[in-house]
Amino acid sequence: MKKNVLFVVLMLALVLVGCAEHEHVWNEGEISKDASCTEVGEMTYTCETCKATRTEVIPAMGHSYEFEVTTPATCIEDGVETEICSRCSAKGKTRSIVAAHKYDSNGECTVCHAKKDDVDKAEARIGTKYFDTLTGAIKSLKDAESKTAEIVVLKNSVKLENFSTITGSNDNSAYDITFVGNGKEKTTIDISTDLTMPPYEGNHINYIEGANLAFKDMTVVIGDGSNYQGFARAGSLEFDGCAIVGMGAHWGNGDVIFKGCEFKDNGNYSLWLYTGKNYVFENCSFISSVGKFLHPYTERPLSLTITVKNCSFENTNEAAESGKPALNIKTKVVCNVSFEGSIEFKNVATGAQGSKYFQLESNNGSIIKINGVQIYPEV
Ligand SMILES: [Zn+2]
Ligand SMILES: [Zn+2]
Ligand SMILES: [Zn+2]
């Protein structure tokens, strides 16, 4: 009996000593928490001898992305492919699918029936209709029920001809056309030949005559920087993401809106506000080698509202004193002006009233506000 007790005690002691000192023999481990695309998991190992456990981190897997078509391309509109994770459906990067016709062996698109020859030589298109010239595209609206259209400019360099000559009418107010380019570096539209006119007192007829025109993502060549050029007698004008070359003076009789536009140096004012009603300049940059920018000027009385929001004015001529402030208002134009947001001046002259924002020839009733606070006339 005593012998047995001794044996048990001995074994117990051995086990205890062994456990304290043995090398763990880890099993293959078990996943105690699954890793996901974005979260780490956990692996638990158990000692086969003493059942002690230890854990290791399982790294997050990261997404398993593959591109899938999320918006198919059509004949004329680019589509979109999006990276989608096969595990968790998270979305990653996108890339565009270039629009393309699907030509058959005769060179005709099996989807929209456009002919390859027509597409290749086209200067413009409206929807899936192709036109050899921009003039042809505008002319096609003459008998259309709606004269609201987006005309996509397909060639790098096109001319916009005398609108009234194209439409054969002296009332084009039903026309509402947006010309869409392929970026201001790639597409240039030239209006300088047929649309500019002599001074207001000159020949009035046969220019744009009330049409509402918008220009998107292109360079617009108005002229060579001479006086009295521009969009004579437009109904309204809008420019979005455009570069403006030349000094426009004629801006029609209504709204004149510039968004994200760049007024290039033309050796003169960036523009004359010679006609129009309501001007908006938003996120625009003005660059001038003579330090002259916005110039409300006419030979007759005119009232304008002008909003300048988040714009920059840069005089590239180091002699700032030789230039003018951002807005140089001549006597006959009464302006209701709001400067809003961030207005930046680089080397811009200070005007007669001590401001880089404006100067007036005389107190003609104009009101100037900066972020809602009237700065002229002083209150
Ligand atoms: Zn152990
Ligand atoms: Zn995922
Ligand atoms: Zn097609």
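Throughout, read-outs are computed from the coordinates displayed, never taken from laboratory work. Model, not experiment: these values are computed from the prediction. In this analysis, Cβ positions are derived from the backbone assuming ideal geometry, glycine residues included, and neighbour counts consider all displayed protein chains.
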Among 325, 245, 354, which residue has its Cα furthest toward the positive end of the charge dipole of the chain, with +1 on Lys/Arg Cβ and -1 on Asp/Glu Cβ?
354
Listed by chain and number, the residues whose amide H is under 5 Å from that of residue 338, excluding neighbours fewer than 5 places away on the same chain and using placed H, are 306, 307, 308, 369
Note the angle between two axes, namely the Cα long axis of helix 2-21 and the longest principal axis of the Cα atoms of the chain, as a number of degrees from 0 to 90, rounded to the nearest 10.
20
For residue 114, list long-range residues whose amide hydrogen, built 1.01 Å from N in the peptide plane, is under 5 Å from its own amide hydrogen.
109
Loop-located GluC sites (Glu not before Pro) in segment 263-346, at most 16 other Cβ atoms within 10 Å (DSSP)
299, 318
Sequence neighbours fewer than 8 away in the same chain don't count; with that in mind, list the lysines whose C-alpha is under 23 Å from residue 139.
115, 116, 121, 129, 147, 155, 159, 216
Under the Karplus relation 6.51 cos²θ - 1.76 cosθ + 1.60, θ = phi - 60°, what is the ordered set of whole-Hz ³J(HN,Hα) values for segment 38-51, x standing for Gly and Pro?
10, 10, 6, x, 9, 10, 10, 10, 10, 6, 5, 8, 10, 6
Helix-only [θ]222 nm of the chain, DSSP H runs n ≥ 4, -39500 (n - 2.57) each, per residue, nearest 500:
-3000 deg cm²/dmol
Space enclosed by the convex hull of the alpha-carbon atoms of segment 120-376, per residue, Å³:
115
If each residue's Cβ is checked for other Cβ atoms within 10 Å, how do 274, 297, 130 rank with the fewest at the top?
297, 130, 274
Describe numerically, in nm with one decimal, the distance between label points set 7 Å from Cα along Cα→Cβ at residue 129 and at residue 70.
3.4
Between residue 299 and residue 21, what is the label-point separation in nm under the 7 Å Cα-to-beta-carbon projection?
11.5
When 337, 379 are ordered from fewest to most other Cβ atoms inside 10 Å of their Cβ, what list results?
379, 337
Given R₀ = 45 Å, FRET efficiency for residue 57-residue 98 by Cβ-Cβ distance, to 0.05?
0.55
Provide 244, 97 in ascending order of the number of other Cβ atoms located within 10 Å of each residue's Cβ, fewest first.
97, 244
For segment 111-119, just list the computed ³J(HN,Hα) in residue order, Karplus coefficients 6.51, -1.76 and 1.60, θ = phi - 60°, integers in Hz, with x standing in for Gly and Pro.
9, 10, 6, 5, 9, 4, 4, 5, 5
